[in-house]
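Undergrad: The structure under discussion is supplied below as structure tokens; questions concerning it will follow.
The values are calculated or read from the model by the stated rules, or taken from the named source; none is laboratory data. This structure is a prediction, so every number in the text was calculated from the model and none was measured. Cβ: placed from backbone, ideal geometry, glycine included. Neighbour counts: every protein chain shown. Ligands, DNA and RNA are excluded from the accessible area calculation, which covers all protein heavy atoms including side chains. Shrake-Rupley method; radii C 1.70, N 1.55, O 1.52, S 1.80 Å.
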Amino acid sequence: MKRFVLSALLLAASAATFAQTTTAVEKDPIKKIEVTGTAELEVVPDELYFTISLKEYFKDEKNQKDKIVLETLEKQLIEAVKSAGLPKENLSISGVTGYREWTGKKKPQHFLAGKQFQLKLSNANNINELMSKVDDRGVEYVNMSRVEHSKKEEFRRQVKVNALKAAKEKAGYLLESIGEKLGEVLEIHEVEEGSVYPMYKQAQYNVRMMAADAAPEGGEALEYQKIKYSYRMNATFRIK
């Protein structure tokens with residue numbers, strides 16, 4: 001009976017040793033290299049978005065008579081956009097405002113309405129000619145709110161591809177320097193847009209408006225600040 005128990009214990013110990021050996025072999029780590037590739041592209045914007053604010057006013061400010069209503073100003077703006085040959089979808093309403101006029105110590109008697117529009121242009125030089133057809137006193141302000149490029153998605157894809165290629169190239173020359181060879185890719189991680197390179201989101205709002213006629217005679221007109229597309233790709237490759 002004792003011999004049987006002893007033999008069973010020896011058999012169990014041998015099985016445990018074999019299992020441990022097998023597990024150790026299965027967990028043999030894969031040789032790999034992790035790298036980061038970056039790429040950038042700068043382009044001149046071809047979509048300029050302007051905010052135009054119109055407001056009602058009185059021809060006679062003192063007596064508050066003969067109010068120029070918002071509908072009249074809006075019609076002028078629409079006609080100006082149409083005469084410039086722009087599609088109607090380039091102009092849209094972005095906001096509506098209003099306030100009451102105070103005259104000295106008197107309580108406000110009249111309500112003046114305002115409306116904001118967004119206008120998309122391909123060239124900032126057109127804005128002066130277009131706005132000249134709208135009553136100056138009815139224009140509260142005009143400014144460039146943002147810029148974009150019509151091929152932004154194509155540019156984004158290309159920059160991401162270039163970043164991944166840069167990661168592979170980096171892994172290759174690093175391994176070559178120590179006598180190793182690059183294997184197949186194991187993992188690819190795209191870094192979230194804007195988290196590493198926030199300059200892209202800032203750049204599209206930091207555009208300087210420079211009209212062509214601002215350039216010196218015989219000189220070259222200044223161009224817009226470029227949009228920067230920047231991406232980072234993390235990749236892991238096997239080492240052969």
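Undergrad: So, for the stretch 42-92, what is the accessible surface per residue at a probe of 1.4 Å, expressed in square angstrom?
TA: Details: 2870 Å² over 51 residues.
Normalised by residue count, the accessible surface of the stretch 42-92 is 56 Å².
Undergrad: Would you kindly state how much longer the chain becomes between Asn123 and Val69 on full extension, computed as 0.36 nm times their sequence separation minus their alpha carbon distance, in nm to one decimal? Don't jump to the answer; show the numbers that get you there.
TA: Working: separation 54, 0.36 × 54 = 19.44 nm, distance 2.98 nm.
The span from Asn123 to Val69 would gain 16.5 nm if fully extended.
Undergrad: Tally Lys/Arg at +1 and Asp/Glu at -1 over every other residue whose Cβ is under 12 Å from the Cβ of Gln158; what's the total?
TA: So the surrounding residues net to +3.
Undergrad: Now, a different point. Using only alpha carbon pairs under 8 Å that are at least six residues apart, calculate the relative contact order of the stretch 66-193 and give it in whole percent.
TA: 20 percent
Undergrad: Work out how much length Lys133 to Asp46 would gain on full extension: take 0.36 nm times their residue separation and subtract the Cα-Cα distance, in nm to one decimal.
TA: 28.9 nm
Undergrad: Turning to a different aspect of this structure: Please compute the modelled spin-label separation between Lys226 and Glu89, points set 7 Å along Cα→Cβ, answer in nm with one decimal.
TA: Each label point lies 7 Å from its Cα, and together they span 3.0 nm.
Undergrad: Taking R0 as 41 Å, what's the FRET efficiency between Lys59 and Arg146 from their Cβ-Cβ distance, rounded to 0.05? Before the final figure, lay out the partial values.
TA: Values: r = 35 Å, r/R0 = 0.85.
That pair, Lys59 with Arg146, gives E of 0.75.
Undergrad: Could you tell me the calculated FRET efficiency between Thr36 and Arg100, based on Cβ-Cβ distance and R0 = 35 angstrom, to the nearest 0.05?
TA: Given R0 = 35 Å and the Cβ-Cβ separation, E is 0.05.
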